[in-house]
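Participant: Below you will find the structure I want to go over with you.
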Amino acid sequence: MPKHFLMCRPDYFTVEYAINPWMHPEAGADRDVAVRQWEGLKAAYEELGHQVSLIDPIEGLPDMVFAANGALVVGGRVYGARFAYPQRGPEGPAYLRWFTERGYPALEAEHVNEGEGDFLTLDEVVLAGTGFRTDVAAHQEAQEYLGRPVISLTLVDPRFYHLDTALFPLDGRNVAYYPEAFSAGSQAVLRRMFPDAVLATAEDAEVLGLNAVSDGTNVVINAEASNLQLELKRRGYEVIPIQLSELRKAGGGPKCCTLEIRGEN
Ligand code: ARG
């Protein structure tokens, strides 16, 4: 089943402020390299048969490339993002406008939430992260608007500040995750819900290997996450390694650059 993704070219990408432990403004980042690597990700999706739509980047919003944070789209309905840090604040309305201009029903969120950075959608439930960015009240707001059960999970390691840095859906029913990124109670919830999950190592997590995108057959994943790639192959997945080292300097990987537009079903 082909997917529909929204992406944002990193034309104005920089690392000029630090809102997560990956970001070092004094070291900066190379925008041309970032654009080239991002083009590789976009091409990989298109080669897999997925559709990629683009939102225009806005000057002065260097993190806008991380489209996953722009909204959560389930059943054709758009739950808008409300960013935790003022540096990214204007991205929420910009992404919401992209959807409303195209006729999508949308909700401007009352509570702080960073879109698909902290909401990952499975067939029956939406997994939702809290602890660093998204307010747990937003989990309830999303459940009410989308009519899907939302399961709250607590993140405890500042390096894994969004749920999508610590866990990704392999398909509609199973996930891969790094247990140590979660509170003890949330680890117990994950073990109970996903007894057959792929467990990632610290080395995989430290190269943002969990920030991957699976279509159920193919997994687009950071090139350096070698243990995780081996385990995925062992489970029968097709692995597509992507080099996104420049965007990792802002704390992002393949999934961060990718907002899935889920239609009605
Ligand atoms: N610099 C961005 C931030 O800290 C990176 C966002 C990465 N996106 C994600 N979905 N994890 O907000």
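Participant: Put +1 on the Cβ of each Lys and Arg and -1 on the Cβ of each Asp and Glu in segment 170-265; which of TYR178, ASN227, PHE194 then has its Cα farthest toward the positive end of the dipole?
Facilitator: So the residue we want is PHE194.
Participant: Turning to a different aspect of this structure: Given Cα pairs under 8 Å that are at least 6 residues apart, what percent is the relative contact order of segment 157-265?
Facilitator: This gives 23 percent for segment 157-265.
Participant: Summing -39500 (n - 2.57) over the DSSP H runs of n ≥ 4 in the chain and dividing by its residue number, what mean residue ellipticity at 222 nm do you reach, to the nearest 500 deg cm²/dmol?
Facilitator: The per-residue figure over the chain is -7500 deg cm²/dmol.
Participant: A further question follows. Could you please state, rounded to a whole Å, how far the C-alpha centre of segment 5-60 is from the C-alpha centre of segment 223-265?
Facilitator: Result: 14 Å between the Cα centres.
Participant: Per Stokes-Einstein, at 37 °C and 0.692 mPa s, what whole-number D in µm² s⁻¹ belongs to segment 205-265, with the Kirkwood radius over Cα pairs as the hydrodynamic radius?
Facilitator: The Stokes-Einstein estimate is 273 µm²/s.
Participant: Suppose every K and R has +1 on its Cβ and every D and E has -1 on its Cβ; what is the size of the dipole of segment 1-98 about the Cα centre, in Debye to the nearest 20?
Facilitator: Using Cβ point charges on Lys, Arg, Asp and Glu, segment 1-98 gives about 500 debye.
Participant: Please report the projected area of segment 1-141's Cα convex hull averaged over all directions, in nm².
Facilitator: With the hull built on Cα positions only, its mean projection is 9.0 nm².
Participant: Still on this structure, I have one more. Over segment 208-265, calculate the relative contact order: mean separation of alpha carbon pairs under 8 Å at least 6 apart, over the residue count, as a percent.
Facilitator: 36 percent
Participant: Can you give me the Kirkwood hydrodynamic radius for the chain, using every pair of distinct Cα atoms, in Å to one decimal?
Facilitator: Over the chain, the inverse of the mean reciprocal pair distance is 18.0 Å.
Participant: Moving on to the next point. Evaluate the relative contact order of the chain (contact order divided by residue number), counting alpha-carbon pairs under 8 angstrom at least 6 apart; express in whole percent.
Facilitator: 22 percent
Participant: For the ranges 203-215, 186-198, what's the packing order if you count other beta-carbon atoms within 10 Å of each residue, average per peptide, and put the highest first?
Facilitator: 203-215, 186-198
Participant: Treating each Cα of segment 129-243 as an identical point scatterer and ignoring solvent, apply the Debye formula and state log10 I(q)/I(0) at q = 0.23 Å⁻¹.
Facilitator: -1.33
Participant: With unit charges on the beta carbons (Lys and Arg positive, Asp and Glu negative) and the dipole taken about the Cα centre of the chain, which residue among ALA138, VAL74, LEU54 sits farthest to the positive side?
Facilitator: Looking along the dipole axis, the top candidate is VAL74.
Participant: Restricting to the chain, compute how many DSSP beta bridges are antiparallel as a %, nearest 5.
Facilitator: Taking every DSSP beta bridge within the chain, about 45 percent pair in antiparallel fashion.
Participant: So how do 147-154, 106-113, 117-124 stack up, highest first, on mean other-Cβ count within 10 Å?
Facilitator: Averaged packing, sorted descending, gives the order 117-124, 106-113, 147-154.
Each reported figure results from applying straightforward, stated rules to the coordinates on display, with no laboratory input. Because the structure is a prediction, the values reported are computed rather than measured. Don't worry about glycine lacking a Cβ; one is built from the backbone with ideal geometry, like all the others, and counts go over all protein chains shown.
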